[in-house]
Every structure is written in structure tokens, then in C-alpha cells.
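What follows draws every value from the coordinates through simple rules; no lab data is involved. Please read all numbers here as calculations on a predicted model, not as lab measurements. Every residue, glycine as well, gets a Cβ built from its backbone with ideal geometry; the counts of neighbours run over all protein chains shown.
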Amino acid sequence: MLSEKLKNYHIILGSGSPRRHHFFKEMGIDFTIELKEVVESYPGHLQASEITDFLSQLKASVFTDLTEKDIVITSDTIVWQDDKAIGKPKNIEEAKGMLQSLSERMHEVITSVCFTGKNFQKTINYTTKVWFKKLTEEEIDFYLNKFKPFDKAGSYGIQEWIGYIGIEKIEGSYFNVMGLPTHLVYKTLIEIAND
């Protein structure tokens, strides 16, 4: 249905995430993948969704030669806890510290998605609240050694073992925690196609 509405557009997904690729395929969206290098840094005063909005727009800024038919989709996800962003861990020690800080507490997963055309840009964001049970050191070590979640914000994937055994409750979109608020992406693409 959506692919019919978008048949006059060329969707470019500016993401290397296999999870996001999977979501777009499952939503029936025809797309090509185009990756461009960008230094992911942001001004220190930004908070929560301001960070992900900024980074998703920054990732879009390197796509400078768009045609009228192109729509570039870029996104960014962070874990937000104690008024600070938790990104991807640099090593196993950092990953362990992240999971220890998430243990027995609530955190937020924030994703922004930026839609960029030749003459427009629209940015959306979505927040999901996630509660973890108390994670034991053995559980954390097992997960990190077996699944090596070093490409994930907060050092975990909700769809992996730790999500099955560790997450007690979520409030909001499950798919957003995996990296994309799919319902909002679908809604926004329909709005763009109908404009």
C-alpha cells in the first residue's frame, strides 16, 4: 500500500543498521542504502530528543545532490538516563558499566528520524520507557560475551537474550527500542506522499 503511494519517489536509507533495513523491508518500502561518513558529535547543551534530532539532521546534511524524486531517511537512537545520553560502548568495560546502570531502573530510548528531500526536511522523534529487573553480574557477563552488543546504544538489544530475561515492562513502541518508531515512519511517509 505504502509502496504504491511512494512509487514516484526514490527512498534512500542513510543507515548501516541491519535492524532498520529489516524494518523497511517488512513495511513494504522499496529503498536503496547509501552510507556517508559523518562525525557524530553534538553541542553539549542539547538534551534528550534535541540530541537525536540534531544527529539525524547532521547525518542528512551530507546528502547534497538530491533530485526532486529523492527522499533521504536518516536516524539516531540514544538511551537517556539521569539527564544524560548513553550511546554505544567503546569497550566491554564501558558496556558492563552501562548495563549495571540500567539494572533495576527505568531509562528512556529516544529515536529521531529525519526525512530530507530536495526542497523539504521533516524530523520526528519518539520516546519509549524501559524498565529492567535487577541484572546479576553473571547475566551481564554472559550477555556481553555471547552477544557482543557494542553497536547498540545502551549496550543492549531488546530483541536479544537480555531483553527476554531482563526487561520487566515497556511503555511505548517496542520497535523504537530496536531503533525505529515504525508506526511514525509509516505515517510520515504517507503524509509526504500525499503533500
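Tabulated results
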read-out: Filtered residues of region 121-148 (kept if of a type in the set (A, V, I, L, M, F, W, C) and out of contact with any helix residue (DSSP H, G or I) (no Cβ under 7 Å at 6 or more places or on another chain)); value: W131, F142
read-out: Failed condition for E104, given (1) in a loop (DSSP other than H, G, I, E, B); (2) under 30 Å from K7 (Cβ atoms); (3) free of Cβ contacts under 8 Å to residues at least 40 places away in the same chain; (4) acidic (D, E); value: (2)
read-out: Single condition I158 does not satisfy, out of (1) under 28 Å from K90 (Cβ atoms); (2) without any contact (Cβ under 8 Å) to a residue 40 or more places away in the chain; (3) surrounded by fewer than 21 Cβ atoms within 10 Å (Cβ to Cβ); value: (3)
read-out: Filter pass, K96 being assigned to a helix (DSSP H, G or I) and either under 30 Å from T136 (Cβ atoms) or in contact with a strand residue (DSSP E or B) (Cβ under 7 Å, 6 or more places away or on another chain) (or both); value: yes
read-out: Matching residues in region 167-190 - criterion: being aliphatic (A, V, I, L, M), farther than 18 Å from T74 by Cβ and crowded, with 16+ Cβ neighbours inside 10 Å; value: I167, I170, V177
read-out: Test: residue in region 9-32 that is basic (K, R), surrounded by fewer than 18 Cβ atoms within 10 Å (Cβ to Cβ) and outside any helix (DSSP H, G or I); value: no
read-out: In region 61-79, the residues that are closer than 16 Å to L180 by Cα and either not charged (D, E, K, R) or not in a strand (DSSP E or B) (or both); value: V72, I73, T74, S75, T77, I78, V79
read-out: Test for I92: is it aliphatic (A, V, I, L, M) and surrounded by 15 or more Cβ atoms within 10 Å (Cβ to Cβ); value: no
